[in-house]
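The structure appears below as structure tokens.
The values are calculated or read from the model by the stated rules, or taken from the named source; none is laboratory data. As the structure is a computational prediction, the values presented were derived from the model and not from experiment. Because the Cβ atoms are built from the backbone with ideal geometry, glycine has one as well, and the counts that use them run over all protein chains shown.
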Amino acid sequence: MLTLTNKTSKITFIGVNLGANNVSETAVAIMDRDLNIITLNKLYTMQDIRYFFDTLAGKKESIVAISIPDNEVMISSKWKYLSRTYHPVNLNSSIKNVDDWADRFSPRGSEYFNELNQNGLDIVRCDMDNLKKNLGLCYSFRDRTPVDCKTLQITLRSKLNIQNLPSNMLPVSQLEAILCAYLSHSIIFGEENKDYKELYEYCDMKVFGV
């Protein structure tokens, strides 16, 4: 069961699509109760992210859903990833989990987000693959190509009823941040195990999906 502070007072719903490193773009989307997009922003470094939360107005009236970034070390070591089928990491002493290459997710920012949570800001983590799959947003297009982005943006407007989306195509990071904000909205106005559900825990924080 998710415990929130002043659940009925939430008026802003924030989604953060966290980049895996300081080079990858971190996108932020803020929506109101009627799923109107208030603002879209781009951040990069953890210092940028800290500044955003330090200056965030109305923290007690907000709920934040932050995606868990993929571990780029694992992605770049494709041959190691594929070898796990034949040589399980935990059973074969000759294969070492150096630099956490065998981990699916990156723990970037987790310690800071835990700190914010303990200080009264309602934060949950979310699994982007789960959101896209269970909201019917996974298609046969190659991930993050222009046609994939266009389809995602059209579906956000037509299926999830996201308001005032711009007519021009948004970057995929911002579209995914909107998905995170939609999840935070569902946690307040939806029903647990129907509109949203707890999937697992990661770095001492609950991870939610739909």
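Report, by residue number, each residue of the range 14-46 that is assigned to a strand (DSSP E or B) and under 23 Å from PRO107 (Cα atoms).
Within the range 14-46, ILE14, GLY15, VAL16, ASN17, THR26, ALA27, VAL28, ALA29, ASN41, LYS42, LEU43 meet the criteria.
When LEU56 is evaluated against the numbered criteria (1) in a loop (DSSP other than H, G, I, E, B); (2) among the aliphatic types (A, V, I, L, M); (3) modelled with pLDDT of 95 or more, which criterion, by number, is the only one it fails?
Here LEU56 meets the rest and fails (3).
Has the range 102-119 got at least one residue that is modelled with pLDDT under 75 and either crowded, with 18+ Cβ neighbours inside 10 Å or not in a loop (DSSP other than H, G, I, E, B) (or both)?
yes
So which pairs qualify, if the first residue must be in the range 174-200 and assigned by TED's automatic domain parsing to the domain that holds LEU18, the second must be of a type in the set (Lys, Arg), the Cβ gap must be under 6 Å, and the two must be at least 6 apart or on different chains?
From residues that are assigned by TED's automatic domain parsing to the domain that holds LEU18, the pairs are ILE188/LYS10; GLU198/LYS206.
Answer yes if at least one residue in the range 150-169 is touching a strand residue (DSSP E or B) at 6+ places or on another chain (Cβ under 9 Å), at pLDDT 85 or above, in the same structural domain as ILE14 (by TED's automatic domain parsing) and of a type in the set (Lys, Arg), and no otherwise.
Yes, the conditions are met somewhere in the range 150-169.
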